[in-house]
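Asker: This is the structure I want to talk about, given as structure tokens.
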Amino acid sequence: MQHDLTHQTALVTGATAGIGRATALALAARGADIIVHGRDKERAADTLKRISALGATARFEPADLSDPAQVTDLAERAGQVDLLVNNAGIFHFARTADTTPATFDAHIAINLCAPYLLVQALAPGMTERGHGVIVNVSSGAAGTPGLGSGIYGATKAALESLTRVWAAEYGPAGVRVNAVAAGPTRTEGTAAYGEVFESAGQAVALRRLADPEEIAGAIAFMASPDASYVNGATLSAMGGQPALG
């Protein structure tokens, strides 16, 4: 693989498992230095070991993204960042009547407020240097209604809207902002839903769940010079929409 991200520093949130870890490895394989964000030290150590095996450098920066003060502190500790991947997110499926205020607030804090604060803190440095890339990880739930995914889908729809705003705001300074909408993906987090989630793969045209590496490949493309004229877009990595019978 071409090392087209050499000398670039990437901050990947939620990089100790699932799509985030696969993305960190994909960016490392392209030559980027990785700032691994997460909360689990053991899983972080595993991610760092895998990145080292690729010949890239990495460090672990923990933070609880539900706490705005910790998000701001994470941005300060990260320092100069060339690539920001807002991957970390939560999903607790419940219908509206069964969604608690705590669940609502957690989705807003982690899925929406944390990316906002990180962009607010890190994008100005990118604009000063005249280059940078931000990739927000969205979901098919942003545009497709699903029973039980109301607040999750709403945060992802808002993130896609912010993607377009940020692309217009920072694009003139050479900073690209895009999103990747991930389809149903087999990760440690989705495994808890068992066969219910497995069946979600049958609802897409490819008739299967995605592997984290497949979503990471789309994110790495959007972060790379190969997508140098792509700005304000949401790339669908959702396995395709089946035709109506």
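Asker: With just the Cα atoms defining each centre, how far is region 1-54 from region 81-135? Give it in Å.
Answerer: The two parts, judged by their Cα centres, are 18 Å apart.
Asker: Taking θ as phi - 60°, what are the ³J(HN,Hα) couplings along region 71-81 by the Karplus curve (6.51, -1.76, 1.60), each to the nearest whole Hz, with x for Gly and Pro?
Answerer: These are the phi-based 3J(HN,Hα) values: 5, 4, 5, 4, 4, 5, 5, 5, x, 6, 10 Hz.
Asker: Please compute the contact order of region 124-171 in relative form: average sequence separation of alpha-carbon pairs under 8 Å and at least six residues apart, divided by the residue count, as a percent.
Answerer: After rounding, I find 33 percent.
Asker: Taking square-rooted eigenvalues a ≥ b ≥ c of the alpha carbon gyration tensor, is the chain rounded, prolate or oblate, where a/c under 1.5 means rounded and, failing that, a/b exceeding b/c means prolate? The partial results should precede the final answer.
Answerer: Values: a/c = 1.39, a/b = 1.34, b/c = 1.03.
Rounded, since a/c falls under 1.5.
Asker: Rounded to the nearest 500, what is the 222 nm mean residue ellipticity of the chain from helices alone, with -39500 (n - 2.57) per DSSP H run of 4+ residues and division by all residues?
Answerer: Roughly -12500 deg cm²/dmol at 222 nm, from the helical runs in the chain.
Asker: Can you give the accessible area per residue of the chain, in Å², using a 1.4 Å probe?
Answerer: Per-residue accessible area for the chain comes out at 47 Å².
Asker: Still on this structure, please answer the following. Can you tell me the relative contact order of region 6-107? Whole percent, Cα pairs under 8 Å, sequence separation 6 or more.
Answerer: Relative CO of region 6-107 lands at 30 percent.
Asker: In whole Hz, with x marking every Gly and Pro, tabulate ³J(HN,Hα) for region 98-105 from phi via Karplus 6.51 cos²θ - 1.76 cosθ + 1.60, θ = phi - 60°.
Answerer: 9, 8, 7, x, 5, 5, 4, 5
Asker: Would you mind counting up the charge near Asp67? Only other residues with Cβ under 15 Å from its Cβ, with Lys and Arg at +1 and Asp and Glu at -1.
Answerer: My count for the surroundings of Asp67 gives -3.
Asker: Run the numbers on the chain and let me know its relative contact order in percent, using alpha-carbon pairs under 8 Å that are six or more apart.
Answerer: 19
Asker: Same structure, new question: Accessible surface of Ile19 in the full protein assembly, 1.4 angstrom probe, to the nearest 10 Å²?
Answerer: 20
Asker: Using a 1.4 angstrom probe on heavy atoms only, work out the carbon and sulfur share of the accessible area of region 123-212 in %.
Answerer: The computed percentage sits at 58.
The values are calculated or read from the model by the stated rules, or taken from the named source; none is laboratory data. Not measured: the values here are computed from a predicted model. Positions of Cβ are generated from backbone atoms using ideal geometry, with glycine treated the same way; all protein chains shown enter the neighbour counts. To get the accessible areas, we keep the full protein, side chains included, count just its heavy atoms, and leave off ligands, DNA and RNA. Shrake-Rupley method; radii C 1.70, N 1.55, O 1.52, S 1.80 Å.
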